[in-house]
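The block underneath contains the structure these notes are about, expressed in structure tokens.
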Amino acid sequence: MASISKLSNPSPASSLSSTFNPRASQPKCLIGFLTTTTNFSSKVSSSKLSIRSKSSLKGSLVVRCSQGDGNGNPAKRTYLHDLYEKEGQSPWYDNLCRPVTDLLPLIASGVRGVTSNPAIFQKAISTSNAYNDQFRELVQSGKDIESAYWELVVKDIQDASKLFESIYDQTDAGDGYVSVEVSPKLADDTQGTIEAAKWLHKVVARPNVYIKIPATAPCVPSIKEVIANGISVNVTLIFSLTRYEAVIDAYLDGLEASGLNDLSKVTSVASFFVSRVDTLIDKLLEKIGTPEALDLRGKAAVAQAALAYQLYQKKFSGPRWEALVKKGAKKQRLLWASTSVKNPAYPDTLYVAPLIGPDTVSTMPDQALQAFIDHGTVSRTIDSNVSEAEGIYSALEKLGIDWSYVGNQLEIEGVDSFKKSFDSLLDTLQEKANSLKLISL
């Protein structure tokens, strides 16, 4: 693994050059409209837009990375605009690939930010030729594989953040962020995470970029220190209420320790994962097997998320918070992550529609984004039935579901998954370097 000292600063001046001249062979985040109308279908087809035939989706937005050579026309007004304008929730896109200019129609459709992670970059870089030219130059200049990886990533983040600058400016640093994660290998390394976050913040050199730090126990102190250094953070892999409260406290502690008189540009989101909670708890309920247990399948994740919002409202109020507000502090918004539905028996907007509320973010991969644009309902739902959420949470405990175990297990799985994606990508890049005969075996 390359050390921080080995990683050089990518040139901001050159970071936009190749991305804004996409080649036809590069992967596209294609956007089109699904329809069953013959005439419109033929027009869409002739425009080289991506088409999916699914009878339940009509006129919906399609977004996915694939091979193609056109990104279509800017989309019309969608439910995503209503999410933000009517309910105060920011819709973000949970994906990133080259050329980043294919995000433009998404932005026109109401997307207000982007999240990335090691798995997303593993897919983008390993399945595309769009990174080859830069990768070749990096390795020929003497970069080791991991250093080259980070320069590929930093370029994508810089280019994407440029597209969201106007949103960032219009909201006074309240929205329009692109997130990039520190190495997943540092999930149990407090100081290593701090140094990696500082390095990423320095080399990316964009105000509207969140440095993603996992909410592991060793990294909670890292969050405080990074915030105290005036660096905005996306805290990721939060699976439990207990850990979420620790994350909020780390944010507040960091703001207080910063010594800054103006806190308006130091912001944060707390990424609370949703669907993975149901995936694990559903398995536990099926093992229990009673009618009461089976009836609670598919309800745990949304219930816990609703209680997280209650905790958010409680923590960001009162004398301590008001003292920070006087210095311009912004609330650490709750971000709903892992919003795609894993169980096909569940509604495809299950982890979006019930979690709508002010001062929140919903980051959606293709499946969830497409579904919500097609048939989403925009209304405040996150605190519409808190007593029911409390009842579900308690009922699960009475059945023997240990929420602490669930949170710990999902955290282990999440970190491990990102580590595997990271290692797999480095292996892929090594093989690509070897195949291009760039370095000796």
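The values are calculated or read from the model by the stated rules, or taken from the named source; none is laboratory data. A quick note: this is a predicted structure, and the numbers were derived from the prediction, not measured. A quick note on method: Cβ atoms are made from the backbone with ideal geometry, for glycine too, and the neighbour counts reach across all protein chains shown. The protein model used for the area step is the full one, side chains on, heavy atoms only, and it has no ligands, DNA or RNA in it. Shrake-Rupley method; radii C 1.70, N 1.55, O 1.52, S 1.80 Å.
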The distance between the Cα centres of the stretch 142-202 and the stretch 327-360, in whole Å, is 22
To the nearest Å², the heavy-atom accessible area per residue of the stretch 266-328 with 1.4 Å probe amounts to 42
Taking the alpha-carbon centre of each part, the distance from the stretch 416-436 to the stretch 265-299 in Å is 31
Packing-ranked peptide list from 342-355, 82-95, 203-216, highest mean Cβ count within 10 angstrom first, is 203-216, 82-95, 342-355
Output ordering of 419-432, 385-398 (per-residue mean of other Cβ within 10 Å, highest first) is 419-432, 385-398
Any lysines whose Cα falls less than 17 Å from that of Lys432, other than same-chain ones fewer than 8 residues away, would be Lys123, Lys143
With x for Gly and Pro, the residue-by-residue ³J(HN,Hα) of the stretch 331-341, computed from phi through the Karplus equation 6.51 cos²θ - 1.76 cosθ + 1.60 at θ = phi - 60° and given in whole Hz, is 4, 7, 5, 6, 10, 7, 10, 6, 9, 7, 7
Of every hundred units of 1.4 Å-probe accessible area on the stretch 313-441, the number belonging to carbon and sulfur atoms, as a percent, is 51
Answer in debye to the nearest 20: the dipole magnitude of the stretch 214-370 about its Cα centre, from +1 Lys/Arg and -1 Asp/Glu charges placed on Cβ, is 260
Extension length gain for Glu137 and Ser387 (0.36 nm per residue less Cα distance), in nm, is 84.2 nm
PRE zone check, label point 7 Å out along Cα-to-Cβ of Lys283, amide N under 13 Å, scope the stretch 372-402, hits none
In the stretch 296-392, lysine pairs 8 or more places apart or on different chains with C-alpha atoms under 28 Å apart total 12
Of the candidates Leu307, Ser435, Ser179, the farthest towards the positive dipole end of the stretch 79-436 (Lys/Arg Cβ +1, Asp/Glu Cβ -1, centred on the Cα centre) is Ser179
Counting only backbone N atoms under 18 Å from a point 7 Å out along Cα-to-Cβ of Arg320, the residues of the stretch 213-234 in range are 220-228
